[in-house]
1. Residue by residue through the stretch 361-389, note down the ones that are among the small types (Gly, Ala, Ser) and modelled with pLDDT of 95 or more.
2. Which strands (runs of 3 or more DSSP E) sit wholly inside the stretch 63-149 and have at least 3 residues that are in contact with a Leu (Cβ under 9 Å, 6 or more places away or on another chain) and farther than 15 Å from Pro362 by Cβ?
3. Which members of the stretch 196-215 meet the condition of being within 22 Å of Val263 (Cα to Cα), assigned to a loop (DSSP other than H, G, I, E, B) and open to solvent by less than 40 Å² (accessible area, probe 1.4 Å)?
4. Restricting to the stretch 1-28, count the residues that are modelled with pLDDT of 95 or more and either among the aliphatic types (A, V, I, L, M) or open to solvent by less than 40 Å² (accessible area, probe 1.4 Å) (or both).
5. Any residue that is closer than 24 Å to Thr82 by Cβ, open to solvent by 10 Å² or more (accessible area, probe 1.4 Å) and among the β-branched types (Val, Ile, Thr) - is there at least one of those in the stretch 147-165?
6. Among the residues of the stretch 315-365, what is the count of those that are surrounded by fewer than 17 Cβ atoms within 10 Å (Cβ to Cβ) and among the polar types (S, T, N, Q)?
7. Consider only pairs whose beta carbons are under 7 Å apart and that are at least six residues apart or on different chains; among these, list those whose first residue lies in the stretch 159-179 and is within 21 Å of Gly109 (Cα to Cα) and whose second residue is open to solvent by 10 Å² or more (accessible area, probe 1.4 Å) and assigned to a helix (DSSP H, G or I).
8. From Ala403, Ala379, which residue is under 21 Å from the mean Cα position of the chain (by Cα) and in a helix (DSSP H, G or I)?
Amino acid sequence: MPMPSEPLLALDGGPPVLPRGSLPSTNDAAGRTIGPEEEAAVLRVLRSGMLSGVWGTEVKALQAEFAEMMGSAHAVACSSGTAALHLAVAAVDPAPGQEIIVPPISDMGSVLPVIAQNAVPVFADLDPVTGCLDPEDVRRRITSRTRAILVVHLFGGAARVRELREIADEAGVLLIEDCAQAYLARERPGDPVVGTIGHLGCFSLQQTKHITTGDGGLVITDDAKLARAMRLFADKAWPRDTGERTYLSFALNYRMPELSGAVARVQLTRLQAVVDRRRRHAHHLSAALAQLPGLTTPAPAGIHAYWYYPLLVDGLDHAGLRRFAAALGAEGVPCVAGYIARPLYQEPVLREPTAYGGSGYPIRGRIDYPDGECPVAEALVSERLLAVPWNENYTDEQVDAMAEAIDKVHRAVVPA
């Protein structure tokens, strides 16, 4: 309990630092950077009468513009960030039962495409500060069955992706980067942006991402064969470039429509400014929190993209972490304890697999996912990680109030 001289937490009946719901959110217009240019783009497509990305011009232009922005030879647009990852895994083309190394903290969309291609997810543990794949543990998990490594740049912070590329090259496997949360992030100042270090880089245009079309995805690569494989997989393996109506292989329909392509093109012009504003406010908050003991803020400054603002808190147990998150929410600052409820390998879809007529293929009988598989990830989710949604439209005054709220909760909840 707080000392008598300290303000009473809103969770315990005291006044909140910020009114609940007063911060901009990506779920409403106040937290999105959308303007008349997007409206004009939508009208342009509607008035053209061509809404299909197959025959239209907007999706094709988006692919060219995104590839140029990222510095890649090819970009392939699709219907969602999960679809983007599925395109990448399909292009890698694992044989049934081959393995793809994945992280245990992410959205399940980073793992389900592996299962969809009849490959086996193998979980490697995480760096305790970034929450991204630990290259040393990845190296330990590689076997003769490994086909690829799939790394997630969590919350907008880059993984140790250069090391992971070296490991992939040594093992003769491919590296897929999930950059859904990390537009324009870099591992170090002066490095290329994430998504261009691996063989394939996947991005999301979902509602909460840095830029959005509601849903949508993009994949970049410098490999022409991988790019063609992804274009085919997104379009039922129909080779539009040859003029034939033929179907070359098993594939799905993950096409992006023209309306999404047109909005995404405008959103791309806003991306750098969105990331810059997120960075400026995040650095402001990090400076304000620098003296709080046992609290680790995102690092390094300047190259993190800040999709969420992650905080690591020492000295708490499972209940304490959840009380911290609840108390911060009551002070008007949304916060999620652990980001996800449990490491992904503890989810029923992997622990109790029922795919393919109840057979559980390709997991059941091939691999187990016991507790303790990734102890760093389990500690992050249970005891250390707080995820605060971040937004480019915060004001300086709101960031100051967020710092005040975090300080208030920290003093009351974290043991001295």
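1. Kept after step one, since they are among the small types (Gly, Ala, Ser), are these residues of the stretch 361-389: 365, 372, 377, 379, 382, 387.
Scanning the stretch 361-389 gives Gly372, Ala377, Ala379, Ser382, Ala387.
2. Correct list: 74-78.
3. Leu205, Thr208, Lys209, His210, Ile211, Thr212, Thr213
4. Result for the stretch 1-28: 11.
5. No, there is no match, as no residue in the stretch 147-165 is closer than 24 Å to Thr82 by Cβ, open to solvent by 10 Å² or more (accessible area, probe 1.4 Å) and among the β-branched types (Val, Ile, Thr).
6. 2
7. Leu175/Arg165
8. Every option except Ala379 fails the conditions.
The values are calculated or read from the model by the stated rules, or taken from the named source; none is laboratory data. Please read these numbers as outputs of a predicted model, since none were measured by experiment. Here the Cβ is made from the backbone with ideal geometry for all residues, glycine too, and neighbour counts use every protein chain on show. Accessible surface is based on the protein model in full, side chains and every heavy atom, while ligands, DNA and RNA are left aside. Shrake-Rupley method; radii C 1.70, N 1.55, O 1.52, S 1.80 Å.
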